[in-house]
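A short worksheet on the structure shown next.
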Amino acid sequence: MENRYYKNPIECKKKAVNLIKQFVEQKLNKELLNLKNYTFWNIDGNPIFGNGTKYSDADCTKIVYAIDYILYYDALKDENGEFFIPGYPYKSVSNFKGETIFTFKTLFGTQKNMEDKTKDFHDCYQKLGATSLLPCKTIKIGNKSESINTWKGNYKNKYKDYIYPFLLELKEYLENKKCSDQEMQKLFEENKFYFANKTYEQYLKDFKLSDYYFSFEKDNYFYHWDKKMNTEKYKSFCKIYIDHAIEIINSRTNKMVDELIELLQKEKEFPKEYLK
């Protein structure tokens with residue numbers, strides 16, 4: 001049975017603050033500002049800060065969920081002041097789960113020998129600014145249980161894990177209560193606990209996406225490495241995609257770390273010398 005000590009939001013916050021404190025001490029040389037340049041590849045397999053497996057995306061690690069709890073609590077808490085993400089308060093109860101905003105495997109597969117530019121992106125897309133959350137209630141599609149995240153990430157459908165076509169579909173749904181993808185529409189409706197009465201602009205604000213331009217994907221989001229990787233158009237798109245993605249990730253990381261520092265200034269348990 002899960003430890004119910006953490007059901008209270010105040011105790012959940014204490015748990016998150018304590019893990020961030022440990023992380024700053026052990027991985028950031030006691031300066032939270034160093035998180036702006038940190039890549040979560042560096043916690044691969046770490047039982048304290050990772051998620052118990054190697055090569056997992058940063059968005060579903062324990063440390064990123066702790067940071068998420070602090071950063072997103074005010075925007076995503078329910079009417080009872082509760083905010084359910086993995087480990088906060090229970091591992092088995094979640095309304096939101098991690099999302100990686102930019103795709104790597106869709107474009108590059110699992111390449112081991114990467115060009116310098118691709119390697120730069122490989123490192124960067126595991127920074128804080130590449131992570132987000134999505135509502136995670138599931139429906140049955142075929143013989144599988146799908147969430148918004150898994151359906152968006154299926155390379156066989158039109159999204160192929162790219163953010164721009166997903167945002168178009170979401171905008172259409174929030175403005176008209178219907179969209180062209182009936183399965184995604186069902187997923188939005190299944191997650192009405194969040195989407196009911198939301199505007200598209202509020203969604204972008206809640207998930208810290210308002211300041212960024214994602215439509216550089218709009219004519220090319222269908223690229224998938226196993227179909228296109230030897231064409232000049234594919235190579236040209238990869239360059240454009242990497243340049244834009246790295247710019248957004250770095251900008252968003254800086255803003256999220258600055259906000260995290262501001263929020264932790266209010267927590268008595270967090271050492272103020274780590275926030276300078």
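The values are calculated or read from the model by the stated rules, or taken from the named source; none is laboratory data. Predicted model, so just to flag it, every value in this text is computed and none were measured. Positions of Cβ are generated from backbone atoms using ideal geometry, with glycine treated the same way; all protein chains shown enter the neighbour counts.
Descriptive notes on the structure:
- Qualifying positions in segment 167-200 - without any contact (Cβ under 8 Å) to a residue 40 or more places away in the chain and polar (S, T, N, Q): N176, S180, Q182, Q185, N197, T199
- Inclusion of Y73 among residues that are closer than 27 Å to L28 by Cβ, of a type in the set (F, W, Y), surrounded by 17 or more Cβ atoms within 10 Å (Cβ to Cβ) and modelled with pLDDT of 95 or more is warranted.
- The helices (runs of 4 or more DSSP H) found entirely in segment 1-117 that carry 2 or more residues being free of Cβ contacts under 8 Å to residues at least 60 places away in the same chain and under 14 Å from the mean Cα position of the chain (by Cα) are 62-76.
- Checked against (1) surrounded by 19 or more Cβ atoms within 10 Å (Cβ to Cβ); (2) under 18 Å from G109 (Cα atoms); (3) modelled with pLDDT of 85 or more, Y221 meets all criteria but (3).
- Residues located in segment 224-254, provided they are in a loop (DSSP other than H, G, I, E, B) and at pLDDT 95 or above: none
- Residues in segment 148-160 that are out of contact with any Leu (no Cβ under 9 Å at 6 or more places or on another chain) and either buried (at least 21 other Cβ atoms within 10 Å of the Cβ) or of a type in the set (D, E, K, R) (or both): K156, K158, Y159, K160.
- Checking each residue in segment 58-77 for being of a type in the set (D, E) and either under 19 Å from T138 (Cα atoms) or in contact with a strand residue (DSSP E or B) (Cβ under 8 Å, 6 or more places away or on another chain) (or both) picks out D59, D68.
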